[in-house]
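J.: Once you've had a glance at the structure underneath, I'll fire off some questions.
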Amino acid sequence: MNKCNAIGKLLLIAFLCSVISSSFIAAASYPKTFTDTQGREITLDKPVERIITRSPDEARIIIALGAGDKLIAGEQATKSCLCPMTFDNTTEGCKDCYKTIIDGRMPDLPEISTRYDIYYEKIAALKPDIIFCGSLKDAEAFEDKIGCPVVVLGGSGWDFDKGGCLTSIKVAGEALDCEDKADELIDFIQGKIDMVKSVTDKIPEDKKPKVYFASRGATNAFYDPKEGRDFTRTEPSYDPLVAAGGRNVAAEINGSTVNVALEQIIAWNPDYIFISNSAAGNNTGLDFIKNSPELQSINAIKNGNVYNCFYPHCRGQPPDRNLLNMMYMAKLLHPDEFKDLDLEKEGNEIFKAFLGVDNVFTEYADYLVWPREYLDSLK
């Protein structure tokens, strides 16, 4: 018995020494300096314990890297954009996700900004160790008014090149001492992209259908004067569509996020039209476009190839939903080649990788209705 106690004490001492040694090594690595996505040198004097994010995109990356327990505040839309919800109404949407993400703290997560306003005094009172934001302008304002280290992540979630969200993930990993986890997430994303492109890259360019992507939907018909967008708003560079094996008819336009004339869309004569839709159970935009007299000459209308797709925005460009669009578009554009792609399985894996919650896509598909109807049509 005494011998067992002695062994137990030795094991405990060895464990404590290991913990103390690990802590010492971690502490000894500070201060440390790294570079954010804008080429700015950031110096941290100690490990990060208290994180504030300016937008849902940054919060999503922090959670995906396993640091959600350190998130102490975020932008207003974080509550509706991470676990897809009806904005400002968290009784509708992915409720299981909303109640379990970041250890159930999402409902009470402090809001430090809106689409238009930033509450600097509230941020200062929360005493963050670091702020992650998406733009240089925000970073300069935070540094001036708050004083803690500010890291620009930036990077669009539909930009599949190294300059997009993959770089943002890498920088966040450096800031949070979780480089291995960041590499795993980058490999996961790249693996999903490669899985689709390994098929579509073999399809001759002239065999790929022409596609018009209404990235802001069509809820208010062709053009919404209040928001300056709707069916005529598109993205000349949308990687998920290209990876899915479509030819973006707007690719000839320079720049990003543009409004085009209705006559131009008709002249492009796309074979497919995708209309982003985040309005649960509402096909108003889809039905309007299908039945618009002005568009009846378009091949997509004539052949019945007009579809809802996942909304690529949510106070940013969430990579999880844009990866979903890539797979969903691939199945619609090339049904024979992707007949074995299980969209629900893939969707749940993607959301789990970013949010750490199981079965979010299943809940999302039921909430939106149209994805569930599409999945049911494949049975």
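Every number here is computed from the coordinates shown, using simple stated rules; none is lab data. What you see is a predicted model, and the numbers here were worked out from it, not measured in a lab. Here the Cβ positions follow ideal geometry from the backbone for every residue, glycine too, while neighbour counts run over all protein chains shown.
J.: Treat the count of other C-beta atoms within 10 Å as a stand-in for reagent exposure and order Ser276, Ser377 from fewest to most.
T.: Going from least to most buried by this count: Ser377, Ser276.
J.: Provide the packing ranking of 180-190, 75-85, i.e. peptides ordered by the mean count of other C-beta atoms within 10 Å per residue, highest first.
T.: The packing order, highest mean first, is 75-85, 180-190.
J.: Pick from Ala243, Ala330, Ala221: which residue has the top mean-square fluctuation in a GNM of the chain where Cα pairs under 10 Å get a spring?
T.: In the Gaussian network model the winner is Ala221.
J.: Moving to a separate point now. What full-extension length gain, to one decimal in nm, is calculated for Glu294 and Asp183 as 0.36 nm per residue of separation minus the Cα-Cα distance?
T.: In short, 35.1 nm is gained.
J.: Still on this structure, I have one more. Angle check, please: helix 179-200 long axis (alpha carbons) against the longest principal axis of the chain (alpha carbons), in degrees 0 to 90, nearest 10.
T.: The angle comes out at about 20 degrees.
J.: Given an 8 Å cut-off on Cα distances and at least 6 residues of separation, report the relative contact order of segment 245-377 as a percent.
T.: The value is 21 percent.
J.: Subtracting the Cα-Cα distance from 0.36 nm times the residue separation, let me have the gained length for Glu111 to Asp206 in nm, one decimal.
T.: Stretched fully, the Glu111-Asp206 segment lengthens by 29.3 nm.
J.: Which far-off residues, 5 or more places away or on another chain, put their amide H under 5 Å from the one on Lys210, with H placed in the peptide plane?
T.: Arg247, Asp271, Tyr272
J.: Only counting other Cβ atoms within 10 Å, I'd like Arg216, Arg321, Arg233 sorted with the fewest neighbours first.
T.: Arg233, Arg216, Arg321
J.: Please tell me the relative contact order of segment 33-177 in percent, rounded to the nearest whole number, where contacts are Cα pairs under 8 Å and at least six residues apart.
T.: 26 percent
J.: I've got another one for you. Against the longest alpha carbon principal axis of the chain, how many degrees, from 0 to 90 and to the nearest 10, is the axis of helix 165-175 turned?
T.: The angle comes out at about 10 degrees.
J.: When Met329, Met195, Met106 are ordered from fewest to most other Cβ atoms inside 10 Å of their Cβ, what list results?
T.: Met195, Met106, Met329
J.: Measuring from label point to label point, each 7 Å out along Cα→Cβ, what is the Asp340 to Lys122 span in nm?
T.: Output for this residue pair reads 5.1 nm.
J.: Here's something else I'd like to know. If you take every DSSP beta bridge fully contained in segment 203-349, what fraction is antiparallel? Give it as a percent rounded to 5.
T.: 25 percent
J.: Name the long-range amide H neighbours of Arg50: under 5 Å, sequence gap of 5 or more, or other chain; modelled H, no Pro or chain starts.
T.: Under 5 Å from the amide H of Arg50: Asp129, Ile130.
J.: Let me ask something additional. Please list, or write none, the lysines whose alpha carbon is within less than 23 Å of the alpha carbon of Lys79, excluding same-chain residues fewer than 8 places away.
T.: Within the straight-line cut-off, Lys79 pairs with Lys70, Lys95, Lys99, Lys122, Lys127, Lys352.
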